[in-house]
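Heads up, the thing below is written out as structure tokens.
The values are calculated or read from the model by the stated rules, or taken from the named source; none is laboratory data. Keep in mind the model is a prediction, meaning the values are calculated, not measured. Glycine also receives a Cβ, built like all others from the backbone with ideal geometry; neighbour counts cover every protein chain displayed. Protein only, heavy atoms only, side chains kept; ligands, DNA and RNA dropped before computing areas. Shrake-Rupley method; radii C 1.70, N 1.55, O 1.52, S 1.80 Å.
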Amino acid sequence: MAVIASGTDLLPRMKKRQVSPSLLLDISSLNEDLRYISQSDGTVRLGALTTVADLLESPMFDDRLSMIKEAARLFGAPQVRNVATVGGNVCSASSSEDLIPVFMALEAEAKLVSVRGSRTLPLKDFIVGKRKTAIRPSEIFSEISFSVPQGHSWTAYEKLGRRNMLIIAIVNEALSLTLDDDLRTIRSARIALNRVSGKVPALAAKTNGFLEGKKVSDETIAEAQKVLSSELSLTSDFRGSGAYRTELARVYLKRLLERCCVKIGGPS
Ligand SMILES: Cc1cc2nc3c(=O)[nH]c(=O)nc-3n(C[C@H](O)[C@H](O)[C@H](O)COP(=O)(O)OP(=O)(O)OC[C@H]3O[C@@H](n4cnc5c(N)ncnc54)[C@H](O)[C@@H]3O)c2cc1C
């Protein structure tokens, strides 16, 4: 059995016989319950059937959370954005999905519901491998939630593909950065990439740990780039070699840190 939301990922895979579910559970008519964007007490909640176009239209993602709109703008083409859902993107658990690194950098949580109740788990634990999630056969994914970064914070997103529309990411990388009151010291850095080990999207845990407490400087960024290279274990395919992807990830790390610092008003 497979859940189908809009089918923009599932149907092409079924046509290519990559998956052959014996039964499809169509949840697209649950729009009233599962299509929403809300914020209360500093927590943003996105229903599973929220579309990428909905993200682009929401004023909630104009400031600190602007990486959500950056990712949405680089997503597919208008026809895809109008129907592709947040839930479908996260549950695809693929290394080319745009929203997974964005939500991981925000330390988002996935909510799963079944007739027996609901449970919530960190997105980093929900994605357990290439196209593998921790969802049980009796569950559907109902919501993603995350805290709005507080204090001197900003978020940014970078993606490279081989064309300007319908871009399948060679590398995509998201950063949520918070500086201390001195606007120089990194209080927290959450970098996530569509590939960290092989084809599995994940947080760059070592690099995040390295950056915490460091003063922003050219030296810190150069050191962080080395740590990032050391923790990536990237594979090659027809879109790019592992070495090329690693180099891109290093360049994006510098660019993301600089972009966030400029927005926060820290060193540039
Ligand atoms: C032309 C084209 C361009 C694309 N461009 C991009 C792009 O730029 N960036 C990008 O990230 N993706 C892209 N995609 C992939 C796809 O559009 C996205 O992954 C989309 O978000 C999937 O959402 P969906 O509603 O269509 O999911 P579906 O195809 O319906 O489902 C995808 C998977 O998630 C499962 N699933 C869906 N919803 C739930 C749920 N609520 N609970 C449990 N399981 C669920 C399904 O069983 C299936 O395994 C593109 C696809 C196409 C065809």
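Dividing the summed -39500 (n - 2.57) terms of all DSSP H runs of n ≥ 4 by the residue count of the chain sets its mean residue ellipticity at 222 nm at -9000 deg cm²/dmol.
Each residue, Val262 and Leu121, gets one label point 7 Å from its Cα in the Cβ direction; the gap between the two is 4.0 nm. Solvent-accessible area of segment 109-268 (1.4 angstrom probe, protein heavy atoms only): carbon and sulfur portion equals 52 percent. Protection proxy ranking for 178-190, 194-206, 76-88, using the average of other Cβ atoms within 10 Å per residue and placing the highest first: 194-206, 76-88, 178-190. Derived scalar couplings between HN and Hα for segment 87-101 equal x, x, 5, 5, 6, 5, 6, 9, 6, 9, 6, 7, 7, 5, x Hz in order, rounded to whole Hz, by the Karplus curve 6.51 cos²θ - 1.76 cosθ + 1.60 (θ = phi - 60°), x for Gly and Pro. One Cα centroid belongs to segment 176-254, the other to segment 1-68; the line between them spans 28 Å.
Name the lysines eligible as straight-distance cross-link partners of Lys199: C-alpha to C-alpha under 30 Å, and not fewer than 8 places from it in the same chain. Cα-Cα hits under 30 Å: Lys15, Lys16, Lys69, Lys111, Lys124, Lys130, Lys132, Lys159, Lys214, Lys226, Lys254. With one equal scatterer per alpha carbon and no solvent term, the Debye-computed log10 I(q)/I(0) for segment 40-163 at 0.09, 0.21 1/Å reads -0.24, -1.31.
With protein chains left intact and a 1.4 Å probe, residues in the chain average 46 Å² of accessible area per residue.
Our analysis of the chain gives Rg over Rh at 0.96, with the two radii drawn from alpha carbon positions and Rh computed by the Kirkwood formula. Within segment 189-268, the GluC sites (Glu not before Pro) that combine a DSSP coil assignment with at most 15 other C-beta atoms in a 10 angstrom radius are Glu212. Note that segment 143-155 has calculated 3J(HN,Hα) couplings of 7, 10, 9, 7, 7, 6, x, 9, x, 8, 10, 7, 9 Hz, one per residue in order, obtained from phi through the Karplus relation 6.51 cos²θ - 1.76 cosθ + 1.60 (θ = phi - 60°); glycine and proline are x. Springs join every pair of Cα atoms under 10 Å in this Gaussian network model of the chain, and among Asp54, Asp237, Asp98 the largest mean-square fluctuation is at Asp237.
Residues whose amide H falls under 5 Å from that of Ser58, counting only those 5 or more places apart or on a different chain, are absent, with hydrogens built in the peptide plane. Under 5 Å from the amide H of Arg64 lies no amide H of any residue 5 or more positions distant or on a separate chain, with H modelled from the backbone and absent for Pro and chain starts.
Size descriptors for segment 112-268: radius of gyration and Dmax over Cα atoms are 17.1, 53 Å. Site pair Val113 and Asp33 shows an inter-label distance of 0.5 nm when each label is modelled 7 Å from Cα along Cα→Cβ. For segment 159-243, the alpha-carbon radius of gyration amounts to 1.21 times the rule-of-thumb value 2.2 N^0.38 Å expected for a compact globular protein.
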